[in-house]
Amino acid sequence: METMTFLQHYWWLVISLLGALLVFLLFVQGGQSLIYGIGKTDEERTMLVNALGRKWETTFTTLVTFGGAFFASFPLFYSTSFGGAFYVWMLILFVFVIQAVAYEFRSKPHNVFGRKTYDLFLMLNGIAGPLLLGVAVATLFTGAHFTVNRLNIADLGGNTSISQWTTPWHGLEAVADPRNLALGLAVVFLSGTLGCQYFLNAVEDATLALRARRTMRTYAVLFLVFFLAFFVSLLFADGYAADPATGTISVEPRKYLHNLLEMPYVTAVLLAGVLSLLWSVVEGWRGNRKAIWFGGFGTVLAVLGLLLCAGWNRTAYYPSLADMQSSLTIANSSSSEFTLKVMSFVSLAIPVVLAYIWYAWRSLSRPPITREEMQSDDHKY
């Protein structure tokens, strides 16, 4: 394998891993969407919000890191999607901004808006955030309305934008595709399932634990329904394949099914992730406080497998519905070899960063949230 090809595959692996970690960390959003479903009193809701408050910044930081890594390694995707589908990305940014505002001011003295207003902000972030991110990820398979013309950069008339969006909705049209909605709803219910498992781990209260277990069971079933709807449709869908010699894009029937058959290691990762997720639901129903780790591990593997299926094996990871030859692949949208190589050396520090995150996670999770702490702690979200 040539150096450039290796680097492109390596960085798609890194991007996929960051995306998988982000989806796992959306348990914060899933938990926020349930603060009124599981918490029936103001004290119980405060316990849940404070348990999530220990982790919300990790999710936000991972989202920013994911976007930054995409920009550095595959800048053409960044400019095409973030610059074209900006209505969707601005909505995502908005719901994450109000999340930060809610955690900062929810329990501040002289709160003129009231605690319920900020609870509403958290719930809006908890539902809209995973939904919009799921829809955005689904377009990596179902495609988007854009064109790419590199010659525009030399346009003397001033229209130097390489990528152009071809609809006035600028990404919102993705919601009209049932497949995109199916994955978006699957991410919503997955984040809710993980949120319930996190409450089992981080909150020490028998009443809340029982409600979390019951809610988790319902959300897990709904997640499976929507995920299977998306996954089955994906297996029978046409995909765009790139000719390795010329870069020409062509339609390949059942492309993603072929990818899974031709890359058995990716299929094994995906199946292992789904099985670990299912096992986490069983353990959570039994009341095992460590169910979140099975769920988190399964989520990372499952999402990693899906994203590798989208970008490897000469697959267009961002199909263009307006002009097939404008579709993006890891070969035609990556940074230069020098940039990818330099960043690869920097990426060797990732295990150190992950170790620090693990240490910080463990430190912030001890001890679990209790009613007594909410009555005595002066710093509360």
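Structural remarks
- Applying the condition of being touching a helix residue (DSSP H, G or I) at 6+ places or on another chain (Cβ under 9 Å) and of a type in the set (S, T, Y) to region 219-249 and asking which residue is farthest from G195 (Cα to Cα) yields T248.
- Selection status of A51, over 14 Å from the mean Cα position of the chain (by Cα), more than 30 Å from Q375 (Cα to Cα), surrounded by 18 or more Cβ atoms within 10 Å (Cβ to Cβ) and in contact (Cβ under 8 Å) with a residue 60 or more places away in the chain: no
- Tabulated pairs, region 169-181, first closer than 23 Å to L228 by Cα, second surrounded by fewer than 19 Cβ atoms within 10 Å (Cβ to Cβ) and among the hydroxyl-bearing types (S, T, Y), C-beta under 7 angstrom, 6+ apart or interchain: E173/T167; R179/S233
- Across region 27-47, the qualifying residues are those that are open to solvent by 20 Å² or more (accessible area, probe 1.4 Å) and in a helix (DSSP H, G or I), and the one among them that is farthest from S107 (Cα to Cα) is G37.
- Close pairs from region 22-37: first over 21 Å from A69 (Cβ atoms) and touching a residue at least 24 places away in the same chain (Cβ under 8 Å), partner acidic (D, E) and surrounded by fewer than 24 Cβ atoms within 10 Å (Cβ to Cβ), Cβ under 7 Å, at least 6 apart: I35/D119
- Pairs meeting the criteria (first residue in region 330-345 and among the basic types (K, R), second residue in a helix (DSSP H, G or I) and open to solvent by less than 50 Å² (accessible area, probe 1.4 Å), beta carbons under 8 Å, at least 6 apart or on different chains) are K341/L7.
- Listed here are the helices (runs of 4 or more DSSP H) enclosed by region 285-381 that have at least 2 residues being surrounded by 19 or more Cβ atoms within 10 Å (Cβ to Cβ): 291-311.
- Selection from region 279-314 of residues that are on the phi < 0 side of the Ramachandran plot and among the charged types (D, E, K, R): E283, R286, R289, K290
- Checking S107, S161 one by one, the residue that is in contact with a Lys or Arg (Cβ under 7 Å, 6 or more places away or on another chain) and assigned to a loop (DSSP other than H, G, I, E, B) is S107 and no other.
- Check on F60, at pLDDT below 95, open to solvent by 30 Å² or more (accessible area, probe 1.4 Å) and aromatic (F, W, Y): yes
- Lone unmet requirement of (1) more than 13 Å from the chain's Cα centre (by Cα); (2) over 19 Å from T62 (Cβ atoms); (3) touching a residue at least 60 places away in the same chain (Cβ under 8 Å) for L122: (2)
- Among the residues examined, W165 does not qualify as of a type in the set (F, W, Y), touching a residue at least 24 places away in the same chain (Cβ under 8 Å) and surrounded by fewer than 22 Cβ atoms within 10 Å (Cβ to Cβ).
- Conditions (1) of a type outside the set (A, V, I, L, M, F, W, C); (2) free of Cβ contacts under 8 Å to residues at least 24 places away in the same chain; (3) in contact with a strand residue (DSSP E or B) (Cβ under 9 Å, 6 or more places away or on another chain): number failed by N259: (2)
- Matching residues in region 242-281 - criterion: being open to solvent by 40 Å² or more (accessible area, probe 1.4 Å) and touching a Phe, Trp or Tyr at 6+ places or on another chain (Cβ under 8 Å): S250, V251, E252, R254, L257, W279
- Residue within region 227-241 that is crowded, with 20+ Cβ neighbours inside 10 Å, farther than 25 Å from G143 by Cβ and under 18 Å from the mean Cα position of the chain (by Cα) present: no
- Among residues of region 222-248 that are touching a residue at least 60 places away in the same chain (Cβ under 8 Å) and closer than 19 Å to T315 by Cβ, those with a Cβ under 9 angstrom from a residue that is open to solvent by 60 Å² or more (accessible area, probe 1.4 Å) and assigned to a strand (DSSP E or B), sequence gap 6+ or separate chain, pair up as G239/V251; Y240/V251; A241/V251.
The values are calculated or read from the model by the stated rules, or taken from the named source; none is laboratory data. The structure presented is a predicted model; accordingly, all values stated were derived computationally and were not measured. Cβ: placed from backbone, ideal geometry, glycine included. Neighbour counts: every protein chain shown. Just so you know, the surface numbers come from the protein's heavy atoms only, side chains and all, with ligands and any DNA or RNA stripped out. Shrake-Rupley method; radii C 1.70, N 1.55, O 1.52, S 1.80 Å.
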